[in-house]
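What follows is a single structure, written as structure tokens, with notes after it.
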Amino acid sequence: MKKHKKMFSMLTAVMLLFMSGSNYLKASAAEPVTYSVYYAAEDQDWEYRANTPEFEDPNYYRELHYMKETLKDGDLVAVYYDGSSDIGPILDLGNVRLSNLTIAQSDGLSIIYAGYIDEVFLLAGTSSAINSDVGTVHAYDSVTCNLNKNVKELLLTFEDNIHSTIGSSGTVGHFYAASEAETPHNLYNFQAGTFYLFEGSLETPEDKYSTTPSGSAPQQPAPTQPANPQPTNAPSSQPSSESSEYDSVPKTGSSSPILWLLCIAVLCMSGYFGIKYSEHHK
């Protein structure tokens, strides 16, 4: 009887390990994926490629609805738009929380919808409208952008003079503009709909913002050089050698621990039933 209890305990432990391993694999499957999205003028729609931030041969891109089926919280998206549409094309990414949205190329106005975005990178020369709450916006002069919801931090990097035009329909918690030589703006708590930078000139009335942090405004000064945007690579015309990369999916981790646990469980169960059989025929 004691042997049976001991064997039953071993089987229970193995099965618990098996269940824990399954949960581990599920967790490891949720690795962030980087998508390159570009506007296909001939199809008048957005297309994408997974596992790359760069623009590559358009022949290797797929319809956007496939991307929407797999896009998840924490993923990264780089946007490329050549300005070929008569009206600003709308890129609707649903309600997912993106860790990074990079407007890498936008020769005309591109309109982006998403859930919350941790970081937005506006590369120099781009035009866009961001319809999401954003943690930090990194803008590289000169850009044109309308931020239609709340922004915690707006960091603008320029060289000699500011040329950007940026407006916000929501609040801006902290606006920091700096070059290597000067820091003309380090301001806080812009009221909703009041932040407006026009061709480098801040047009917001002084009573609509604060010169010192207070309340929920960020308490730490922004760095003079924002982090390098990821992705930052310039557009590339080199296609991938394998079109099968269309169907790339996040890595799900190694399954070898599960296989070993399963084998152990089978061996234990076999031993258990072998003992039962022997005792039955004594």
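The values are calculated or read from the model by the stated rules, or taken from the named source; none is laboratory data. For clarity, every value in this text was computed on a predicted model and none was experimentally measured. Please note: Cβ atoms are built from the backbone with ideal geometry, for glycine as well, and neighbour counts cover all protein chains shown. With ligands, DNA and RNA removed, areas are computed over all heavy atoms of the protein, side chains included. Shrake-Rupley method; radii C 1.70, N 1.55, O 1.52, S 1.80 Å.
Quick notes on this structure:
- Some residue of the stretch 196-211 being of a type in the set (A, V, I, L, M, F, W, C), open to solvent by 70 Å² or more (accessible area, probe 1.4 Å) and modelled with pLDDT of 50 or more: yes
- Applying a threshold of 9 Å to beta carbon distances and a minimum spacing of six or more residues, or different chains, the list of pairs starting in the stretch 86-115 at a residue that is closer than 17 Å to Glu47 by Cα and ending at one that is open to solvent by 20 Å² or more (accessible area, probe 1.4 Å) and of a type in the set (Lys, Arg) reads Asp92/Lys68; Leu93/Lys68; Gly94/Lys68; Ala114/Arg97.
- 2 or more residues among the β-branched types (Val, Ile, Thr) and under 22 Å from Ile166 (Cβ atoms): qualifying strands (runs of 3 or more DSSP E) within the stretch 69-120: 76-81, 100-106, 109-113
- With respect to (1) at pLDDT below 50; (2) closer than 23 Å to Val134 by Cβ, the lone exception for Ser241 is condition (2).
- Qualifying residues in the stretch 47-65 (those that are assigned to a loop (DSSP other than H, G, I, E, B) and of a type outside the set (S, T, N, Q)) - the one nearest to the chain's Cα centre (by Cα): Pro53
- Lone unmet requirement of (1) crowded, with 18+ Cβ neighbours inside 10 Å; (2) touching a Pro at 6+ places or on another chain (Cβ under 9 Å) for Ala114: (2)
- Among residues of the stretch 116-134, those that are aromatic (Phe, Trp, Tyr) and touching a residue at least 60 places away in the same chain (Cβ under 8 Å), counted: 1
- Meets criteria (open to solvent by less than 20 Å² (accessible area, probe 1.4 Å) and touching a Cys at 6+ places or on another chain (Cβ under 9 Å)) for Ser164: yes
- Scanning the stretch 128-156 for residues being outside any loop (DSSP other than H, G, I, E, B), buried (at least 20 other Cβ atoms within 10 Å of the Cβ) and hydroxyl-bearing (Ser, Thr, Tyr) gives a total of 3.
- Of all residues in the stretch 66-108, exactly one satisfies the criterion of being of a type in the set (Lys, Arg) and over 9 Å from the mean Cα position of the chain (by Cα), namely Lys68.
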